[in-house]
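So the structure is just underneath, and the comments pick up after that.
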Amino acid sequence: MTVTTDASSPDPALSVRNLSTVYEAKAATVHAVRDVSFDLRPMERLGIVGESGSGKSALALSILGLIEPPGRVAGGEIMLGGRDIAKLSDRELGSVRGKEIALVLQDPATALDPVKTIGRQIIEAIAAHEPGLKRSAARRRAAELLGDVEISHAEQRLDEYPHQFSGGMRQRVVIAMAIALNPSVLIADEPTTALDVTTQAQVLALLDRLVDEHRTAVILITHNLGIVSEFCDSVAVMYAGRLVETSGVDHIFESPTHPYSEALLACVPNPEKLAQGPLPAIAGYPPDLSSLPSGCAFAPRCPVGRDIPQCHQEAPQPHAVSGPAGPAVVECHFAEARIREASR
Amino acid sequence: MSEAEIGATSSPATNGSGPPILLAEDLSKTFSVRGRGRLGRSRPVTVLDGITLSVQRGESLGLVGESGCGKSTLARCLLRLLDLSEGTVHFDGVDLNSLDSGELRALRRRLQFVFQDPFASLDPRMSAAQIVEEPLEIHGLGDRGERSKMALEMLDEVGLTPEHGRRRPHAFSGGQRQRIGIARAFVLRPELVILDEPVSALDVSVQAQVLNLLRRLQRELGLTYVFITHDLAVAEYFCDRVAVLYLGQVVELADRATLFRRPLHPYSVSLLSVVPTPVAGGRKRRASRPPLIGEVGSVVERPPGCPFEPRCQVGRGRAVCQGQRPPLEQDAAGHWVACHFPGEAGAAKAGAAGGDS
Amino acid sequence: MSRVVAYRLLGSLAAIFGASLLAFLIMRVLPGDPARIILGPLATPKALAEVNHQLGLDQPIFAQYWHYISDFFTGNWGYSYTLNASVSSLFVERFPATIELALFSFVLTMGAAVILALLSTYRHRPVTDAIVRGASYIGFGTPPFFLALLLLIIFFKSLHWLPGPEGRLQVGASEPPAVTHLFLIDSLLAGQLNTFWESLRHMLLPAIALGIGSFSFMVRLLRANLLEVSREPFITVARGKGLPRWTAFRRHALPNAFLPTLTSAGLVLGEFLAGSVLIERVFDWPGIGSLVFEAIVKQDFAIVQAFILLSAVIFVLVNLMVDLLYAVIDPRVRIPAVTSA
């Protein structure tokens, strides 16, 4: 299954096929990522949107091979730079992580080791891949990187500790470490969620500049659809471990086709189309990933399929559709019908 | 006494009908903050600086601002969960400062609080029903049977079944925990509830459920809310009037429509412009707006003049902004703003947007 | 930094003052007339009064306290009537045995705790983890003197692997030439490998018995800290840089997990140094603990009083050292946080 939105694109920077990740506990097996496939073009900015427990962070960690026991990647391919990195040992993956594919995490307060200087932590990112590097040269590179993420007095600040930096500054440091070796793919898991809105805007602007300069493709994982609109080219909506709708960014806001995408958009208080009266909330709660229903995982909450037997019995396959704002791949039995309706 | 008038005369949303249920006048809060480490030098830090505002019966007043603006401290001062350093808070005409602890406890029945983190505020060893029952017990309401009946009714009100009532907090999802937190506060049938970021920890789909629930309870029980949030979209959706806080001061206060359509303070203008909205064309939108300089300042080093001056598009470097703290003043439309050049930032922005299109 | 030191010193003095007051008062309210204990049941009232005068017990209570404190800090800790020696000389004589056992047991305890905590947390090993946790519970629940007897029955009585309760060396064996008074070190300095070996063998069982409770406690503390820290995002970030699992763990998880256990480690060391009455008694270890045991039995209150105050001083000093250590090695204590962006 291919869910690229642009068929004419060159070789993808990252190509994920049928990726599944499970957490095996005594009582139950949690299916955090279920058979996920997508392509990421060079310099593409893909937003992965989902609520907590949808499996979006597990997807990020699975791609990086950082799922810790009792979790494990149960199957699938992760093609990066012409090889399947899902087949590599942890040690072999070490030379890929940080160099070809890098990670930025949500909470800058905890993403840095509190008892090591900023400089040591940045140098560590470089030295992990260039063991022969001289100390002075590494330090110079680290200072350049700090300058690159717009931190002034970089040379002095290398010797400071994380608690001497504000939240926004710490996130800049984490970004500096991630771009240290010019990775071709950057995975940013909620990079601005813990920041104030004004700081968030600055960090997004910084990411903009860096990914353009370094020609990096970005996977931005977030629960905030507004940020997807402001940063991404394409978007994948994740629900219960699956990508239920994948499309260009305009499609999702103009004609969301999966009923979950539509409901998710509708229940965000949206100043631009503010309605009085109750928000159209989604009934119920996300399903338990250890005991999923046999049909569509969204069916019990779905305004369209709640009462339709097919939705409860049969898991929907991906449907490639073409909406008014571009093509999309939607895992819903009614994808075509809903697109026809939207186009009318 | 222009500041005292805020409470006494004006409340644009309710047209000043009746006396305010809650009135804070010239409220300040200073903490003695110890330096970092085990034994730093302690020094006073003013977290709230001369706040005056009123809450009318039946309305929802929003308090919005970024981290360090003092909104949560303000909420606690309004309930006298924290003692004030200066100023007064009147609830229904009663000066909270004048009450002893027993009288205050009795009054708390009418004044409740819902916390941000639903999990941290629930005792893990108690069942949901016990948690909701406890406030009734503390205030000596009803006998055992009546209390447990009231608790179950309240749980039902917030959408939880008696079976839910037997479970402990860890068995609930975030949204359900917040429902328990709401049930615990509302079971006493309070008149005013302070909601401190009640939906910030929740997913959007659950957030919508909880906001709807709060709305419904407000309507049914005739409640007054003080709603604290950093999420401007939520504030715009939920509140009748909104106060914008920056470094412990109210910089702007107006009814919802006025504030969000025509913000006058440069900080409000920036804050509103950077909120990402989930509609198409976000990248163009973001590229067109001017970046906001610097990060949120700190009350530890409050600028001597306007607190926003170091980051302000309009006033940065201007002598009057650096030297004088602008008073919170009302315009003809009842729109309060603390700025030497109100409206200039909004005008500049509108001009820029017009030029673009 | 100097202010930190000054504050801590003041706090320490206050703690010692409190302990001294406690020791002083306890000994005053305990039943038993010191003079009568010294002179025996047949003493005349005149003799009793004379001894009371010698001891200063006829003076006002404040004066007595003042004498007690000033005497303690000038090294005049009173006279033991049961052993016919000055208390300070007795402590000087007995202290090295306690110190050696304490340090040895401390190293053993901490080393074992660190190793087991690592084994049970590094990577996901549910079985090892369960065994370590179970062992730590058993260790925690076993009374040390019971364990001491059990160890003796197994390793001395049945297996004959280790010596019995005969103190620091075999009966009649000559001590190594005194330099540090710690046999392990002195024997090495003198090149007496045989004495070193014997001293080690003699110390093993008491050290295990002494350390078992603290060991169980430290294992669980370290395990909990390691589990918590290894879930921290900065570990994931470090792994994301391309660091191998063990490197990321060693560089980032270990320091952050060990740092908060310093305080507890200090308490453990303090406890060991103050001597264990029961363990020393069971192994006939010639340290402070057995001295105090005899003193309690014979109501020799000068020794007990000095012991209480000395324990307080040891605890306070160890804690002071721990706090200063934090100020040196934890940057969050050493360097103030940013106050504005």
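For the range A:41-70, which positions are touching a helix residue (DSSP H, G or I) at 6+ places or on another chain (Cβ under 7 Å), more than 8 Å from every other protein chain (Cβ to nearest Cβ) and closer than 26 Å to residue B:201 by Cβ? A:47, A:48, A:49, A:50, A:67 - these are the residues of the range A:41-70 that are touching a helix residue (DSSP H, G or I) at 6+ places or on another chain (Cβ under 7 Å), more than 8 Å from every other protein chain (Cβ to nearest Cβ) and closer than 26 Å to residue B:201 by Cβ. Please work out if residue A:105 is within 30 Å of residue B:202 (Cα to Cα) and crowded, with 19+ Cβ neighbours inside 10 Å. Answer is yes for this residue.
I'd like to verify a number: residues in the range C:279-318 that are part of a helix (DSSP H, G or I) and over 15 Å from the mean Cα position of the chain (by Cα), how many? Spell out the reasoning first.
Here is the first cut: in the range C:279-318, the residues part of a helix (DSSP H, G or I) are C:279-282, C:288-297, C:301-318.
Adding the requirement that they be over 15 Å from the mean Cα position of the chain (by Cα) leaves C:281-282, C:291, C:293-297, C:301-306.
Residues in the range C:279-318 being part of a helix (DSSP H, G or I) and over 15 Å from the mean Cα position of the chain (by Cα): 14 in total.
Can you name the residue in the range C:132-173 that is among the hydroxyl-bearing types (Ser, Thr, Tyr) and either part of a helix (DSSP H, G or I) or at pLDDT 85 or above (or both) and is also nearest to residue C:203 (Cα to Cα) among such residues? So, considering only residues that are among the hydroxyl-bearing types (Ser, Thr, Tyr) and either part of a helix (DSSP H, G or I) or at pLDDT 85 or above (or both), the one nearest to residue C:203 (Cα to Cα) is C:158.
Out of the residues in the range B:168-198 that are closer than 22 Å to residue A:281 by Cβ and in a loop (DSSP other than H, G, I, E, B), state the one that is farthest from the chain's Cα centre (by Cα). The qualifying residue farthest from the chain's Cα centre (by Cα) is B:172. Restricting to the range A:321-344, name every residue that is buried (at least 17 other Cβ atoms within 10 Å of the Cβ) and outside any loop (DSSP other than H, G, I, E, B). Of everything in the range A:321-344, those that are buried (at least 17 other Cβ atoms within 10 Å of the Cβ) and outside any loop (DSSP other than H, G, I, E, B) turn out to be A:321, A:323, A:326, A:327, A:328, A:329, A:330, A:335, A:338, A:339, A:342. Among the residues of the range C:258-276, are any surrounded by fewer than 17 Cβ atoms within 10 Å (Cβ to Cβ) and in a loop (DSSP other than H, G, I, E, B)? Scanning the range C:258-276, I find no residue that is surrounded by fewer than 17 Cβ atoms within 10 Å (Cβ to Cβ) and in a loop (DSSP other than H, G, I, E, B), so the answer is no. Among the residues of the range B:309-328, is any buried (at least 19 other Cβ atoms within 10 Å of the Cβ) and modelled with pLDDT under 85? Looking for residues that are buried (at least 19 other Cβ atoms within 10 Å of the Cβ) and modelled with pLDDT under 85, one finds none in the range B:309-328, hence no. Each residue in the range C:192-245 was checked for being among the hydrophobic types (A, V, I, L, M, F, W, C) and part of a loop (DSSP other than H, G, I, E, B), and 1 pass.
Of the strands (runs of 3 or more DSSP E) entirely within the range B:204-296, those holding at least 2 residues that are within 27 Å of residue A:50 (Cα to Cα) and either within 11 Å of chain A (Cβ to nearest Cβ) or of a type in the set (A, V, I, L, M) (or both) occupy B:224-229.
The set of residues in the range A:229-254 being under 23 Å from residue A:343 (Cα atoms), buried (at least 24 other Cβ atoms within 10 Å of the Cβ), at the interface with chain B (Cβ under 8 Å from one of its Cβ atoms) and of a type outside the set (Gly, Ala, Ser) consists of A:249 alone.
Check the range A:266-276 and report whether any residue there is within 12 Å of chain B (Cβ to nearest Cβ), under 30 Å from residue B:239 (Cβ atoms), touching a residue at least 40 places away in the same chain (Cβ under 8 Å) and out of contact with any Lys or Arg (no Cβ under 7 Å at 6 or more places or on another chain). Full working, then the answer.
Pass one, the range A:266-276, residues within 12 Å of chain B (Cβ to nearest Cβ): A:266-276.
Within this subset, residues satisfying the condition of being under 30 Å from residue B:239 (Cβ atoms) are A:266-276.
From what's left, touching a residue at least 40 places away in the same chain (Cβ under 8 Å): A:268.
From what's left, out of contact with any Lys or Arg (no Cβ under 7 Å at 6 or more places or on another chain): A:268.
Within the range A:266-276, one or more residues are within 12 Å of chain B (Cβ to nearest Cβ), under 30 Å from residue B:239 (Cβ atoms), touching a residue at least 40 places away in the same chain (Cβ under 8 Å) and out of contact with any Lys or Arg (no Cβ under 7 Å at 6 or more places or on another chain).
Scoring residue C:251 on the criteria (1) within 14 Å of chain A (Cβ to nearest Cβ); (2) at pLDDT below 90 leaves a single failure, condition (2).
So, in the range A:189-205, how many residues would count as being at the interface with another protein chain (Cβ under 9 Å from one of its Cβ atoms) and of a type in the set (Gly, Ala, Ser)? Residues meeting the conditions: 2. Taking the criterion of being in a helix (DSSP H, G or I), within 11 Å of chain B (Cβ to nearest Cβ) and within 15 Å of the chain's Cα centre (by Cα), would at least one residue in the range A:166-179 satisfy it? Checked the range A:166-179: no residue is in a helix (DSSP H, G or I), within 11 Å of chain B (Cβ to nearest Cβ) and within 15 Å of the chain's Cα centre (by Cα). Can you spot a residue in the range B:86-107 that is among the small types (Gly, Ala, Ser), touching a residue at least 40 places away in the same chain (Cβ under 8 Å), crowded, with 16+ Cβ neighbours inside 10 Å and assigned by TED's automatic domain parsing to the domain that holds residue B:211? Yes: the range B:86-107 contains one or more residues that are among the small types (Gly, Ala, Ser), touching a residue at least 40 places away in the same chain (Cβ under 8 Å), crowded, with 16+ Cβ neighbours inside 10 Å and assigned by TED's automatic domain parsing to the domain that holds residue B:211. If the condition is being surrounded by fewer than 15 Cβ atoms within 10 Å (Cβ to Cβ) and more than 14 Å from chain C (Cβ to nearest Cβ), then the range A:78-89 contributes A:81, A:82, A:83, A:84, A:87. Considering the range A:1-119, the qualifying strands (runs of 3 or more DSSP E), each wholly inside and each with 2 or more residues that are within 30 Å of residue C:334 (Cβ to Cβ), run over A:101-104.
Among the residues of the range A:219-257, those identified as in contact with a strand residue (DSSP E or B) (Cβ under 7 Å, 6 or more places away or on another chain) and of a type in the set (Gly, Ala, Ser) are A:234, A:236, A:241, A:247, A:248, A:255.
Which ones in the range C:207-237 are over 20 Å from the mean Cα position of the chain (by Cα) and more than 7 Å from chain A (Cβ to nearest Cβ)? Please lay out each step first, then the result.
Looking only at the range C:207-237, we keep the residues that are over 20 Å from the mean Cα position of the chain (by Cα), and these are C:223-237.
The answer is C:223, C:224, C:225, C:226, C:227, C:228, C:229, C:230, C:231, C:235.
The values are calculated or read from the model by the stated rules, or taken from the named source; none is laboratory data. Bear in mind that the values here come from a model prediction, so they are computed numbers and not experimental data. Counting neighbours? That spans all protein chains shown, and the Cβs are built from the backbone with ideal geometry, glycine included.
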